Amino acid sequence: MTPLKKYCAKIRNFALINSSELIMRLRSFRGVLLFATLIATQACTQYVTHPDWNPDAKKAINSFIRTEGNKKERPYVVFDFDNTCSIFDISEQLMIYQLENMCFNLNPEKFAEMAFTGMGAYPESLQKVLRDIISGYKDLYDRYGPFTPEGVDNQKGVILREDPAWKDFAVGMGRMYDLLQDYMTADEAYLWTMGWFSGLTGNDLYEMAKRSHKLYSSVETLKRSWTGADGTHSWIDGVSVSDNIRELWKALYDNGFDIWVCSASEVAPVMAAVDVFGLHDYCKGVIAMTMARDEEGRYLPEYDFVDGCGFLAGPEGTWVRDSIPTGTQPWGEGKVEAIRKSIVPKYGGRGPLAGFMDSTGDFNFCSEFASLRLVICFNRASRKVTDGGGLIAEVAMYEKEALKYNLKKARKAGDILYILQGRDENGMRSLRPSESTIRLGESAPRVFASKENSICLNYFKEKGLSVKQILETYSILTDATDPANPFGFTYGFLDKYDGYRSKE
């Protein structure tokens, strides 16, 4: 081979070799580019997009789903229902529906037995209200009854609701619920109103609740009252679940999360709400208050602490009774106990990754589980420094303004990320793109219920407290005169607290 041919061969081989390397490098680069594009696309995926989300909540939810979803061991989250999933309280609204339609399944003797159950220890002033209620029920039963779970017909109902005797009865029932709250918490007082379901079957109550939810979800929010011979009872009409909640539940479900409801309401009205508001397909199950039943499956005026179970959501709108009793009243510490007894065992001992709340009844389950990464608190802007919702609102703003937390920073610090989600209570009710809320009858948004919440927040900032210090100190009920109280006003709501992130 001549020198010229040898030289040309070297050039040809060099070109071939480097072309192969170039192709391999290009292919490798393409793979890296595709991988990077995939990662970037995933990072930009917006699982919830509704414009009514607080931008901080939207960002946190999307980050949470991205980082915690689609795992081999299926994660789960827990929602409260009243004033969390729903705007306003489905059970207090159901009380109004039951009274206005007289959906009872008790004769006067059984009604009297129900009304006096557990009331013997209360003062004469309450006993008199009870006697008046019982007398009023008998009079109405004799003239308009017998009453049934379906309620009186429309024609009779119009006449009934104009009858002064019915107004006295309805006011008495509502006032009794209000009066009992002077002696116990609202949720303990609600146990008495659960007695109104006595004589109904679970299906009777479920169907009655569906009628109530459908009716009041279609009305604008309105303050109403009845006036009777002995006073007035007032309430708020209107209850709904926003499109944001349906979007959130679907996004969680589509990305591998199980969704549970833990409610202090009776279980049947909550299941009815899940169905009426289009959440059934995404729901794993509901644990809530459960009443004892007789041999025929009819409710008795007492809570079932032994065999009361939640229900699992089945196909095509069905519900299947769970096999693990909750064994407690699911409110406050009871929600933690109920979750640990009836949900945690289904997940190999793992706790929830996110909680959704609004008030004191949810404070424990949204602060005690070490597994929690995110808590969204739906801001009622009515929760003061003596309520769990008020303290969580302060912590959420503290994490935002002082600690500058996002989901990643909170987790690195060993904290739960708390976010406030505002709402507009007027008209047909909705969430709003802010942590502040426009309360019913108001036009200006607010973050806190009162100036005391702001005083606490500023104090936390001045002292540079940790989230753990804040929750474990300022959740304990402390009188204004206590020497250890730095504020000069009463704060806190618990006699004792097991501790921030204290439960596995």
(request) May I ask for the equivalent-ellipsoid semi-axes of the range 361-472, computed as the square root of five times each C-alpha gyration tensor eigenvalue and listed largest first in whole Å? (result) 24, 16, 13
(request) Over the range 387-493, give the accessible area per residue in Å² for a 1.4 Å probe, as an integer. (result) 44
(message) Using the basic label-point model (7 angstrom from Cα toward the beta carbon), what is the ASP153 to THR473 distance in nanometres?
(response) 6.7
(request) Please report the Cα spread of the chain along all three principal axes, rounded to whole Å, starting with the longest. (result) 125, 58, 44
(request) Give a residue-ordered list of calculated ³J(HN,Hα) values for the range 107-114 (Karplus: 6.51 cos²θ - 1.76 cosθ + 1.60, θ = phi - 60°; whole Hz; x for Gly, Pro). (result) 6, x, 5, 5, 5, 4, 4, 4
(request) For the range 164-303, restrict the atom set to alpha-carbon positions and state the Rg and Dmax in Å. (result) 17.2, 56
(message) Distance between the C-alpha centers of the range 85-135 and the range 189-231? Whole Å please.
(response) 11
(request) List, largest first, the extents of the alpha carbons of the range 325-403 along their principal axes, each in whole Å. (result) 38, 25, 15
(request) Rank by packing, highest mean first: peptides 306-315, 101-110, with packing defined as the count of other Cβ atoms within 10 Å averaged across residues. (result) 101-110, 306-315
(message) Suppose we look only past 18 Å in the calculated P(r) of the range 66-165. What percent of the Cα-Cα pairs does that tail hold?
(response) 63
(message) Filter LYS284/LYS468; LYS400/LYS461; LYS250/LYS284; LYS58/LYS404; LYS59/LYS463; LYS335/LYS496 down to the pairs with a C-alpha to C-alpha distance above 21 Å, please.
(response) LYS284/LYS468; LYS59/LYS463
(request) Starting with the highest mean, order 266-279, 337-350 by the number of other Cβ atoms within 10 Å, averaged over the residues of each peptide. (result) 266-279, 337-350
(request) Return the ratio Rg/(2.2 N^0.38 Å) for the range 250-408, where Rg is computed over Cα atoms only. (result) 1.10
(request) Please give the peptides 149-155, 210-216, 118-124 ranked by average Cβ packing (other Cβ atoms within 10 Å per residue), highest first, as a rough proxy for protection. (result) 210-216, 149-155, 118-124
(message) Given Cβ point charges of +1 (Lys, Arg) and -1 (Asp, Glu) and nothing else, what value in debye, to the nearest 20, does the dipole of the chain about its Cα centre take?
(response) 4240
(request) Check cross-link reach from LYS128 to the aspartates and glutamates: straight Cα distance under 13 Å, and skip same-chain residues fewer than eight apart. (result) ASP230
(request) Select from PHE147, LEU160, PRO123 the residue farthest towards the positive end of the dipole of the range 113-177; place +1 on Cβ of Lys and Arg, -1 on Cβ of Asp and Glu, and compute about the Cα centre. (result) PRO123
(message) Projecting each Cα onto the charge dipole of the chain (Lys/Arg +1, Asp/Glu -1 at the beta carbon, about the Cα centre), which of MET289, VAL306, ALA413 comes out farthest on the positive side?
(response) ALA413
(message) With a 1.4 Å probe and all protein chains left in place, how much of the accessible area of the range 232-301 comes from carbon and sulfur atoms, in whole percent?
(response) 43
(message) Run the helix sum for the chain: -39,500 (n - 2.57) per DSSP H stretch of 4+ residues, divided by residue count, reported at 222 nm to the nearest 500 deg cm²/dmol.
(response) -14000 deg cm²/dmol
(message) Please compute the contact order of the chain in relative form: average sequence separation of alpha-carbon pairs under 8 Å and at least six residues apart, divided by the residue count, as a percent.
(response) 15
(message) Compute, for the range 406-504, the length of the dipole vector about the Cα centre, with Cβ point charges of +1 (Lys, Arg) and -1 (Asp, Glu) only. Units Debye, rounded to 20.
(response) 580
(request) Select from PHE369, TYR47, ASN105 the residue farthest towards the positive end of the dipole of the chain; place +1 on Cβ of Lys and Arg, -1 on Cβ of Asp and Glu, and compute about the Cα centre. (result) TYR47
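The values are calculated or read from the model by the stated rules, or taken from the named source; none is laboratory data. Remember, it's a predicted structure, so these values are computed and weren't measured experimentally. Ideal geometry is used to build each Cβ from the backbone, glycine not excepted, and the neighbour counts take in all protein chains shown. Ligands, DNA and RNA are excluded from the accessible area calculation, which covers all protein heavy atoms including side chains. Shrake-Rupley method; radii C 1.70, N 1.55, O 1.52, S 1.80 Å.
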